[in-house]
Amino acid sequence: MNYPVIAEHILATVQGTWWSRRRRRDDVPHLPPGAVYVFRVGGNYRAYPEGMVFDPSHPDVLDASSVSLVDTRARLVEVERMLPSVSEADNFTVRASFTCRATDPSVIARQGVVDVTVPLRSYLAGDGDLPRVSAGHRVEEINAVRTEVGHRMTAYSAIVPPRVAGMSVEFISAEVHASEELRDWEQRLRDERRSRELQRGQRDFETQDALRIVELLSQGSDHVDAFGIARKEIDVTEAAARIHRITGEETVRRHQAETSDRAHTQARETAETQMRRDMLLTLLRQMGGSEYVDYHQVLEQVLRETGGKSASGLEAGPDSSRMVESGASRPDRVHRGRDGSHDPQGGFVKNEDDLVD
């Protein structure tokens with residue numbers, strides 16, 4: 001750092017008589033803003049008057065053997081010092097800030113203060129008790145070290161203020177930094193934590209969007225279309241044409257479903273009717289081989305199977321006696337009349353008077 005002395009140059013001796021002696025302007029470097037010339041004349045250092053136009057014939061310019069360019073503006077200067085921790089593998093870094101301003105350019109040029117950080121670094125290292133502040137802490141306890149170092153530096157600068165010849169120096173603040181490895185580790189942890197928080201936030205947003213979409217869909221397609229039209233994502237004409245097409249397709253599907261149901265019902269009824277007919281035919285075939293048939297019971301069973309009325313509700317016809325029994329009478333059978341007497345004729349009517357009650 002070239003501060004406060006910006007540059008130093010050796011000047012050649014000017015030849016000639018005293019009335020014709022002049023130094024060339026190119027022999028003296030140009031002065032940057034905020035700086036002054038300090039010429040060495042013999043054993044003395046003389047600052048060129050600030051604000052005065054450079055005069056190559058000025059006695060100090062003619063007799064000078066060297067020139068120094070001194071920056072007189074106030075600057076903020078930072079210096080660092082390493083401090084130990086509990087672990088030998090880790091250290092703290094203290095960065096102290098000072099404000100510096102050149103008050104006597106001649107003294108600065110004589111002292112040759114080319115880099116003001118050198119005396120300030122010596123000043124910071126002069127505090128022998130500063131390492132004790134951090135030696136009892138781990139690198140993870142950097143916040144506690146910062147507080148203690150700040151208090152220590154404030155007290156130290158008040159008791160032993162920093163001094164640089166020809167300059168005014170004031171202590172501003174002290175910052176404590178962890179090692180590069182610890183910073184890298186903390187940065188990785190921070191980045192990973194932020195990444196996970198970002199993923200968690202994205203999942204929460206996706207869940208909220210999904211719930212909102214589910215609620216929107218549950219209200220029907222008309223509501224969804226209205227929402228899309230409101231956000232200008234769906235054209236009204238296209239939505240109307242799609243709704244008309246869907247309605248027509250739904251009508252066709254409903255008609256087909258009804259037609260299919262009627263056909264299925266008719267087929268089932270036809271199958272049931274055919275099944276009853278088959279059962280009746282089977283029953284009649286079985287009756288053909290029997291010697292005795294109770295036609296009254298058969299009629300009731302047929303009507304029950306075919307869904308008709310009970311035979312008990314029907315009136316007996318004139319030939320009902322023949323429906324009760326058919327075929328030749330058996331000799332071992334004895335029939336009873338209406339009065340309970342035995343009928344030796346086996347159920348046949350003796351005369352016409354028996355037909356009348």
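Would you say Ser68 is polar (S, T, N, Q) and surrounded by 14 or more Cβ atoms within 10 Å (Cβ to Cβ)?
Details: polar (S, T, N, Q): yes; surrounded by 14 or more Cβ atoms within 10 Å (Cβ to Cβ): yes.
Criteria met by Ser68.
Wholly within the range 1-85, which strands (runs of 3 or more DSSP E) include no fewer than the required count, namely at least 2 residues that are touching a helix residue (DSSP H, G or I) at 6+ places or on another chain (Cβ under 7 Å)?
On the way: elements: 5-10, 35-41, 44-47, 66-71, 75-84.
Of the strands (runs of 3 or more DSSP E) lying wholly inside the range 1-85, those with at least 2 residues that are touching a helix residue (DSSP H, G or I) at 6+ places or on another chain (Cβ under 7 Å) span 35-41, 44-47, 66-71, 75-84.
Of the conditions (1) assigned to a helix (DSSP H, G or I); (2) surrounded by 10 or more Cβ atoms within 10 Å (Cβ to Cβ); (3) not assigned by TED's automatic domain parsing to the domain that holds Glu141, Thr237 fails just one. Which one is it?
So the condition that Thr237 fails would be (2).
The values are calculated or read from the model by the stated rules, or taken from the named source; none is laboratory data. These numbers come from a predicted model, not from an experiment. Positions of Cβ are generated from backbone atoms using ideal geometry, with glycine treated the same way; all protein chains shown enter the neighbour counts.
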